[in-house]
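Beneath this line is the structure, given in C-alpha cells, with notes to follow.
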Amino acid sequence: MTPARPSVEEVWSWLGEVPDPEIPVISLVDLGIVRDVAWAGDTLEVTVTPTYSGCPATSVINFEIDRHLREKGLDRVALKRRLSPAWTTDWISREGRDKLRDYGIAPPVDGTAACVGSLRALDVACPRCGSRRTERISQFGSTPCKAHWRCQDCLEPFDYFKSI
Amino acid sequence: MAGHAVQTAPLVELALRMGDNCLILGHRNSEWCGHSPALEEDIALANMALDLIGQTQLWLGLAAEAEGRGRSADDLAYLRDVPAFRNLLLVEQPNGDFGRTIMRQFLFDSWHLPMLRALQGASDERVAEIAEKASKEVAYHLERSGDLVIRLGDGTEESHRRMQAALDLLWSYAGEMFAGDARDAEIAAAGLAPEPDSLRPVWRSHVEAVLAEATLAVPQNDYAQKGGKSGRHSEHLGFILAEMQFLQRAYPGAAW
C-alpha cells in the first residue's frame with residue numbers, strides 16, 4: 001500500500017515539475033526557492049524560502065508543492081520556511097534564465113544581485129529583439145519580482161526580472 | 001485586547017515597533033491603489049505596500065511568537081486598539097498629495113534601510129533574518145523615493161513648491177525616529193537594535209544630499225513630534241484602524 005520511500009534526488013526531480021504560479025514557464029526549482037529536501041523519519045521535509053516578503057504566490061507555492069508530492073504518493077509532507085540566507089536572483093538556474101527570456105521576460109543581469117539600490121546603469125537586453133538599447137520605465141512592475149522596461153529599437157515594453 | 005499597562009519584553013517591543021511601522025505605512029500606500037497620477041506610480045505604490053505588508057507579517061509574526069500569549073500576527077494587526085500600536089507618528093500622517101506621500105516615504109526609507117542593516121547584527125537570530133530579507137526590498141524603496149524627491153523637487157515650479165511644503169510639514173515628525181525612550185534603551189541593552197540616535201548621522205547625510213540635489217531647503221526647526229512609539233498617536237491612526245480592522249471587528253474570525 002505504501003510506496004517505497006523515494007530518494008531525495010527523485011523528489012527534487014518531481015519538484016522540478018512544479019511551475020511557479022505567476023511565471024509558469026519556470027519551475028520552483030529553477031527559481032531557486034526550494035532550499036532543501038530531507039527525510040525526517042517517515043516525513044518528507046521540504047524547505048522553501050520566499051522570494052519577496054509579501055509575494056502573494058507564497059501560500060500558493062506551498063499548496064502546489066504539497067499537492068504535487070501527494071499526487072506522487074507521499075502523504076507525510078512538512079513544509080518549512082527558511083528566511084536566511086535571503087533569496088537572491090543569483091539562485092535562478094541557467095535553464096530558468098533561458099526559459100524566462102524565451103517567455104519574454106528579461107532575466108536578471110548576472111552579478112548584480114549584491115548591488116540592489118544602485119542599478120542605474122544596467123545593461124538589460126530586450127528579450128524580443130536582443131537590442132541593448134533599453135531603458136527602465138519603472139523599477140516596480142506587474143509582480144514584486146519584476147521591473148518595467150522598454151526597448152528603444154523595437155519599441156516593445158517588457159518585464160525585467162529584477163536583481164535582488 | 002487593549003494591550004495597555006502590559007510591559008512587553010524588549011524583543012516583542014522591537015518587533016511591534018518595526019511591524020507597526022510597516023503595517024501602517026503599507027496601509028497608507030495601499031490607499032493610493034487606483035488613484036495615482038500615473039499607472040507606473042500606481043503599480044509602484046501597490047508593490048511597495050505589498051512589500052511592507054509582507055514585512056509586517058514577519059515582524060508581527062515574531063512579536064506574536066515571542067509574546068507567547070497565543071495571538072497571531074493577524075490578531076495583532078486587527079484586534080489591537082490605538083494605544084497598543086507602536087508605529088511612528090510619521091507613517092500615520094495622511095497621504096496628502098502625491099508629493100507628500102513620496103516625501104513621507106523618503107524620510108522613512110532613509111531611516112528604514114540603515115535600521116534594517118543594523119538589525120542584521122541583532123543578538124536574536126530571528127530579528128537578523130527578517131532584517132536581512134527586508135533590507136533587500138527596502139533598498140529598492142529608497143532608490144525610488146529618493147529619485148522621485150529629486151525629480152519633483154527639481155521639477156516644475158509647482159512640483160517644487162509642493163515638495164517643499166511636504167518637507168516643511170513632515171520634518172517635525174522625522175525626529176521621532178532618533179529620539180530614544182526607555183524601551184529603546186532596553187532593546188539596545190539586549191543587543192537587539194542600535195540606540196536610535198546613532199542612526200541620525202547616516203540618515204541626515206543621505207537626506208541632506210538628496211534634498212540638495214532636489215533644490216529643497218532643509219527646515220531649520222528640529223522640534224520633534226513624539227508619542228507614536230509609546231502608543232500616543234495623532235487623531236489619524238484611529239481612522240486607519242477603523243477601516244483596516246472593520247471586517248474582523250464586525251465579523252470576528254472571518255476567513256476566506
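Once you've got the GNM for chain B with C-alpha springs shorter than 10 Å, pick whichever of B:ALA182, B:ALA44, B:ALA77 has the biggest mean-square fluctuation. It is B:ALA182.
Applying 1/(1 + (r/R0)^6) with r as the Cβ-Cβ distance of B:GLU157 and A:ARG67 and R0 = 41 angstrom yields a FRET efficiency of 0.10.
In this simple spin-label model, placing a label point 7 Å from the Cα along the Cα-to-Cβ direction at both A:THR43 and B:GLU31 gives a separation of 4.4 nm.
Between B:MET48, B:MET103, B:MET244, the residue with the greatest mean-square fluctuation in the GNM of chain B (Cα pairs under 10 Å linked by springs) is B:MET244. Taken along the Cα-to-beta-carbon direction at a fixed 7 Å, the label points for B:ALA254 and A:GLU10 span 4.7 nm.
Taking all Cα pairs closer than 8 Å and separated by 6 or more residues, the relative contact order of chain B comes to 25 percent. Cα extents for chain A along the principal axes, largest to smallest and rounded to whole angstrom: 60, 28, 24.
Averaging sequence separations of C-alpha pairs under 8 Å and six or more residues apart, then dividing by the length of the stretch A:92-161, give the relative contact order as a whole percent. Relative contact order of the stretch A:92-161: 27 percent. Helical content of the protein assembly as shown, expressed as a calculated mean residue ellipticity at 222 nm, amounts to -15500 deg cm²/dmol (DSSP H runs of 4 or more residues, -39,500 (n - 2.57) each, divided by residue number, nearest 500).
Over all alpha-carbon pairs in the protein assembly as shown, figure out the percentage whose distance exceeds 33 Å. Every Cα pair in the protein assembly as shown considered, those over 33 Å come to 37 percent.
Zone of B:ASN95 (label point 7 Å along Cα→Cβ, backbone N under 17 Å): which residues in the stretch B:53-75? Only B:53 pass the distance filter. Using only side-chain charges placed at the Cβ, +1 for Lys and Arg and -1 for Asp and Glu, the dipole size of the stretch B:33-100 relative to its Cα centre rounds to 300 debye.
Which of B:THR215, A:THR112 has the fewest other C-beta atoms within 10 Å, and how do the rest follow up to the most?
B:THR215, A:THR112
Hey, how many Å between the Cα centroid of the stretch A:1-71 and the Cα centroid of the stretch B:90-128? Using only Cα atoms, the two centres lie 33 Å from each other. Shown here for the stretch B:1-101: trypsin sites (Lys or Arg not before Pro) in loop regions (DSSP other than H, G, I, E, B) with at most 15 other Cβ atoms within 10 Å, namely B:ARG69. Length gained on full extension, B:ALA9 to B:GLU235: 78.6 nm, using 0.36 nm per residue less the C-alpha separation. Taking amide hydrogens as placed 1.01 Å from N in the peptide plane, the amide H of A:ILE137 sits under 5 Å from those of A:HIS148, A:TRP149, A:ARG150, each at least 5 positions away in sequence or on another chain.
Annotation note: chymotrypsin sites (Phe, Trp or Tyr not before Pro) in the stretch B:203-254 located in DSSP loop regions with a Cβ neighbour count of at most 16 within 10 Å are B:TYR223. Panel order for A:ASP75, A:ASP20, by other beta carbons found within 10 Å of each beta carbon, from fewest to most: A:ASP75, A:ASP20.
Relative contact order for chain A: 18 percent, from Cα pairs under 8 Å spaced at least 6 residues apart, divided by residue count. Highest mobility in the GNM of chain B, judged by mean-square fluctuation with C-alpha springs under 10 Å and restricted to B:ASN87, B:ASN95, B:ASN21, is found for B:ASN95. Fully extending the segment from A:GLN152 to A:SER93 would add 18.4 nm, taking 0.36 nm per residue of separation and subtracting the current Cα-Cα distance.
The order of B:ARG104, B:ARG161, A:ARG94, B:ARG183, going from fewest to most other C-beta atoms within 10 Å of their C-beta, is A:ARG94, B:ARG161, B:ARG183, B:ARG104.
For a straight C-alpha distance cut-off of 25 angstrom, the lysines reachable from A:LYS80 (same-chain residues fewer than eight places away being disregarded) are A:LYS72, B:LYS133, B:LYS136. Within the stretch B:93-124, none of the chymotrypsin sites (Phe, Trp or Tyr not before Pro) combine a DSSP coil assignment with at most 16 other C-beta atoms in a 10 angstrom radius.
The Rg/Rh ratio of the stretch B:10-249, with both radii computed over alpha carbons and Rh defined as the Kirkwood radius, is 0.95.
FYI, it's all coordinate maths here, none of it is from the lab. Everything numeric in this text was worked out from a predicted model, so none of it was measured. All Cβ positions, even for glycine, are placed from backbone atoms using ideal geometry, and neighbour counts span all protein chains on display.
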